[in-house]
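Peer 1: Have a look at the structure that comes next, please.
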Amino acid sequence: MTARRTIGALLLAAVLALTGCGRDEGGGGDGAAQQSAAITEGPATGEITVWAMGTEGELLPKLAEAFQKDNPDATVKVTAVPWDGAHDKIATAIAGRQTPDVSLIGTTWMGEFAGGGGLDPVPADLFKAEDFFEGAWGTVVVDGTAYAMPWYTDTRVLYYRKDLAAKAGVEAPTTWEELKTFAKALQEQGGAKYGINLQPSGPGTWQTTVPFVWQAGGSLVDDPAKPAAYTLDTPQWRQALEFQKSFYDEKLSQAAALQPGETETKFAKGELGSFFSGPWHVGLLKDQGATDDQIGLAVVPKDQTGTSFVGGGNLAVFKDAKNRDGAWKFVQWLSRPETQQTWYDTSKDLPAAKAAWEGGSLASDPMLGVFNTQLEDAKAPPAVATWEQVAAVIDSEAEKVFKGASSATDATKAIQSQASSIGLGA
């Protein structure tokens, strides 16, 4: 994965060096917030080409039909792109200046593509940051400039077996100390084989560890708005690693990574008492036979804070868009609360716009209410070009700690050293 990201970044950097004189400089740079030219008034016109990944790519054409009714002289052409090839496809398109008008961009890719000059800054006065969840808006801002619209979002909350918790006589935990007691109770009195599952190894381990860092009061960079350096060798990082390791040492969490699908089946069978995950897991658990009476949700427990991870997808317009005006009008239409409510009903993607949660099923579903609450305290990794390389380092060094092959002190020094060598990128 790291090699693939590096190849994409080198490809992008090389072509921008060759074509810099022909492209308006818009990415990265001096840190001053930038805005591109305002869009015109009136309906959109012309063909608007869009790349969207996964389920979004399959479902978006249907939603776009409503936009075309409101804008009869515009046509939206959506191309579905597999997630596993999307990063390199976008990097290649930017390098060759053969992009679509709009694309879904993974939140951790924003630093690379915006910092490299491939994305159009958000036009003046098109969006207001306060209309979106703070964590979601933070994923579109690179070096002080917004380069996209937060389209959908997700965050991680605690899933737990309500029936096992009731049997054990415990309620959802609100602090780190209570989380440990809760996991023990689900295991010893509730009957679960493991009280909780915390990912111990493999790609994405950082998504479990980093929220613990935030909760301990730590950070990933010196200034999230305009980062100048990684800050990964701190007491909070060591505290987070040691806290997570304690669950494996006390056999509250399985020390070997679960295989795909095991979380759902073990939870449904009552073998697993709890885990952290996003909104998609509600449906997956029900598919395995878990019922509403068994599935409990709670915001993440606190140490210094109750901060969770925020992810999702952003919609960006490329610098080389052929129909820039129509593209931003389509993106703006997708940001409307009523459109986001319809999109949730269609895709189950959680809206990034706060007003969308005020009506329809989003307002009435108690499970969704937990995610809404958690989104008020959720963060994303820094929008820098090298984050995924650094994340892979965290995965590797954290695994050594959890297996007892390294101390938290040695691990944080190694993580910081490698991150400093990698740098922040463009």
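The values are calculated or read from the model by the stated rules, or taken from the named source; none is laboratory data. All figures in this text were calculated on a predicted structure; none of them were measured in a lab. Glycine also receives a Cβ, built like all others from the backbone with ideal geometry; neighbour counts cover every protein chain displayed. Just so you know, the surface numbers come from the protein's heavy atoms only, side chains and all, with ligands and any DNA or RNA stripped out. Shrake-Rupley method; radii C 1.70, N 1.55, O 1.52, S 1.80 Å.
One line per residue, one yes/no per condition, for (1) touching a helix residue (DSSP H, G or I) at 6+ places or on another chain (Cβ under 9 Å); (2) within 21 Å of Thr107 (Cβ to Cβ):
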residue: Gln332; (1), (2): no, yes
residue: Gln340; (1), (2): yes, yes
residue: Tyr344; (1), (2): yes, yes
residue: Ala352; (1), (2): yes, yes
residue: Glu358; (1), (2): yes, no
residue: Ser364; (1), (2): no, no
residue: Leu368; (1), (2): yes, yes
residue: Thr373; (1), (2): no, yes
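Peer 1: Name the single residue that is farthest from Lys400 (Cα to Cα) among those in segment 202-223 being among the polar types (S, T, N, Q) and in a helix (DSSP H, G or I).
Peer 2: Checking each candidate, the answer is Gln215.
Peer 1: While we're here: Taking His87 as meeting all but one of (1) open to solvent by less than 10 Å² (accessible area, probe 1.4 Å); (2) farther than 30 Å from Ala225 by Cα; (3) not polar (S, T, N, Q), write down the number of the exception.
Peer 2: (2)
Peer 1: Something else about it: List the pairs whose first member sits in segment 257-268 and is of a type in the set (Gly, Ala, Ser), whose second member is in a helix (DSSP H, G or I) and crowded, with 20+ Cβ neighbours inside 10 Å, and whose Cβ atoms are under 9 Å apart, counting only residues at least 6 apart or on separate chains?
Peer 2: Filtered contacts from segment 257-268: Ala268/Leu285.
Peer 1: For segment 92-112, which residues satisfy the criterion of being modelled with pLDDT under 95 and either over 24 Å from Pro61 (Cβ atoms) or in contact with a helix residue (DSSP H, G or I) (Cβ under 8 Å, 6 or more places away or on another chain) (or both)?
Peer 2: Gly106, Thr108, Trp109, Met110, Gly111, Glu112
Peer 1: At least 2 residues that are at positive phi in each: list the strands (runs of 3 or more DSSP E) lying fully within segment 30-121 that qualify.
Peer 2: In segment 30-121, there are no strands (runs of 3 or more DSSP E) which contain 2 or more residues that are at positive phi.
Peer 1: Of all helices (runs of 4 or more DSSP H) completely enclosed by segment 336-426, which ones contain at least 2 residues that are touching a Lys or Arg at 6+ places or on another chain (Cβ under 7 Å), hydrophobic (A, V, I, L, M, F, W, C) and at pLDDT 95 or above?
Peer 2: It comes to 387-402, 408-422.
Peer 1: Considering only residues that are crowded, with 24+ Cβ neighbours inside 10 Å and either at pLDDT below 95 or under 30 Å from Gly195 (Cα atoms) (or both), which ones fall in segment 119-135?
Peer 2: Gly135
Peer 1: Limited to segment 179-208, what total is found for residues that are open to solvent by less than 30 Å² (accessible area, probe 1.4 Å), under 16 Å from the mean Cα position of the chain (by Cα) and more than 18 Å from Tyr159 (Cβ to Cβ)?
Peer 2: Matching residues across segment 179-208 total 2.
Peer 1: Within segment 262-273, take every residue that is farther than 16 Å from Pro200 by Cα and of a type outside the set (D, E, K, R) and give me the one that is most open to solvent (accessible area, probe 1.4 Å).
Peer 2: Thr265
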